[in-house]
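First up is the structure itself, then whatever we jot down about it.
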Amino acid sequence: MTTTATLHNGVNVDELMATVNQIKANPNLAKFKFRSRAKWINRAHSQSTFDSMYGNGQEYKRNTPHCLEADEPAALLGTDIAPNAGEAALHALSSCLSVTYAYTAAVMGIDIANLSFEMETDTDLQGFLELDKHIRPGLSQIRIKVNLTCNGTAGQVKELHERVQRTSPLYDTFKNPVDIKIRTA
């Protein structure tokens, strides 16, 4: 006998719920470590490599490492061959929100026809350049417009938006301070 998987938004809901049940039975399976190795190349250009991680109680080694490039636009003295860190931060946030919307909607039985984000952030170089000690060097605000078309009712869509904001890992990371430890070699 063949069983048909329940799919919403390309997500196999049966597999997702099996994962949830495995984590309920063994909470250690929920612990993940994501890693990167980054190196400066020249001027404002750098590269990060992602080739291993820990999750589901085991180490994973990728067959082919993933690499992301970063640079600065000419206005910030870079060569503009890749997004800058602020843009990469927006990408990281939008990709996490995408996954959270897709998975959460799938569990709720909602099919997404279209999901996109328009994002914008601000920074003031006076903080980075230490020209004004009252201006922080980081991003000061991220504004997100969520464009969502789905088959959910108005109440379900409201609940979906609320659940995504409660559970998206990078939304939480950006909203709340994260402990960062730097050590030098």
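The values are calculated or read from the model by the stated rules, or taken from the named source; none is laboratory data. Owing to the predicted nature of the structure, the values given are computational and were not obtained by experimental measurement. Glycine also receives a Cβ, built like all others from the backbone with ideal geometry; neighbour counts cover every protein chain displayed.
Residues are listed down the side, and each one gets a yes or a no for (1) over 20 Å from residue 102 (Cα atoms); (2) β-branched (Val, Ile, Thr):
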{"position": "131", "(1), (2)": "yes, no"}
{"position": "135", "(1), (2)": "yes, yes"}
{"position": "167", "(1), (2)": "no, yes"}
{"position": "181", "(1), (2)": "yes, no"}
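State which residue is surrounded by the fewest Cβ atoms within 10 Å (Cβ to Cβ) when the search covers only the range 158-169 and only residues that are polar (S, T, N, Q) and in contact (Cβ under 8 Å) with a residue 40 or more places away in the chain. Explain how you work it out, then say what you get.
Start the filter on the range 158-169 by keeping residues that are polar (S, T, N, Q), which leaves 165, 167-168.
Cutting the leftovers down to in contact (Cβ under 8 Å) with a residue 40 or more places away in the chain gives us 167-168.
Numbers: 167: 12, 168: 20.
Among them, the one singled out is 167.
Taking the conditions exactly as written (over 30 Å from residue 185 (Cα atoms), of a type in the set (A, V, I, L, M, F, W, C) and either under 22 Å from the mean Cα position of the chain (by Cα) or modelled with pLDDT under 95 (or both)), does residue 68 satisfy them or not?
Values: over 30 Å from residue 185 (Cα atoms): no; of a type in the set (A, V, I, L, M, F, W, C): yes; either under 22 Å from the mean Cα position of the chain (by Cα) or modelled with pLDDT under 95 (or both): yes.
Here the answer is no, as residue 68 does not meet what is asked.
Does residue 94 count as out of contact with any Leu (no Cβ under 8 Å at 6 or more places or on another chain) and modelled with pLDDT under 95?
Against the criterion (out of contact with any Leu (no Cβ under 8 Å at 6 or more places or on another chain) and modelled with pLDDT under 95), residue 94 does not qualify.
Determine whether residue 172 is free of Cβ contacts under 8 Å to residues at least 12 places away in the same chain and either part of a strand (DSSP E or B) or more than 30 Å from residue 17 (Cβ to Cβ) (or both). If you could, list the steps in order and put the result at the bottom.
Details: free of Cβ contacts under 8 Å to residues at least 12 places away in the same chain: yes; either part of a strand (DSSP E or B) or more than 30 Å from residue 17 (Cβ to Cβ) (or both): no.
No: the conditions fail for residue 172.
Go through the range 95-123 and report how many residues are under 13 Å from the mean Cα position of the chain (by Cα) and buried (at least 19 other Cβ atoms within 10 Å of the Cβ).
Counting residues in the range 95-123 that are under 13 Å from the mean Cα position of the chain (by Cα) and buried (at least 19 other Cβ atoms within 10 Å of the Cβ) gives 3.
Restricting to the range 109-151, name every residue that is small (Gly, Ala, Ser) and at positive phi.
First, the residues of the range 109-151 that are small (Gly, Ala, Ser): 109, 113, 116, 127, 138, 140.
If the condition is that a residue be small (Gly, Ala, Ser) and at positive phi, then 109 is the only one that fits.
Exactly one condition in (1) touching a residue at least 60 places away in the same chain (Cβ under 8 Å); (2) touching a helix residue (DSSP H, G or I) at 6+ places or on another chain (Cβ under 9 Å); (3) under 14 Å from residue 9 (Cβ atoms) is false for residue 102; which is it?
(2)
Only residues that are within 14 Å of residue 97 (Cβ to Cβ) and either surrounded by 10 or more Cβ atoms within 10 Å (Cβ to Cβ) or not assigned by TED's automatic domain parsing to the domain that holds residue 95 (or both): list them for the range 137-157, please.
Hits for the range 137-157 are 142, 144, 146, 148.
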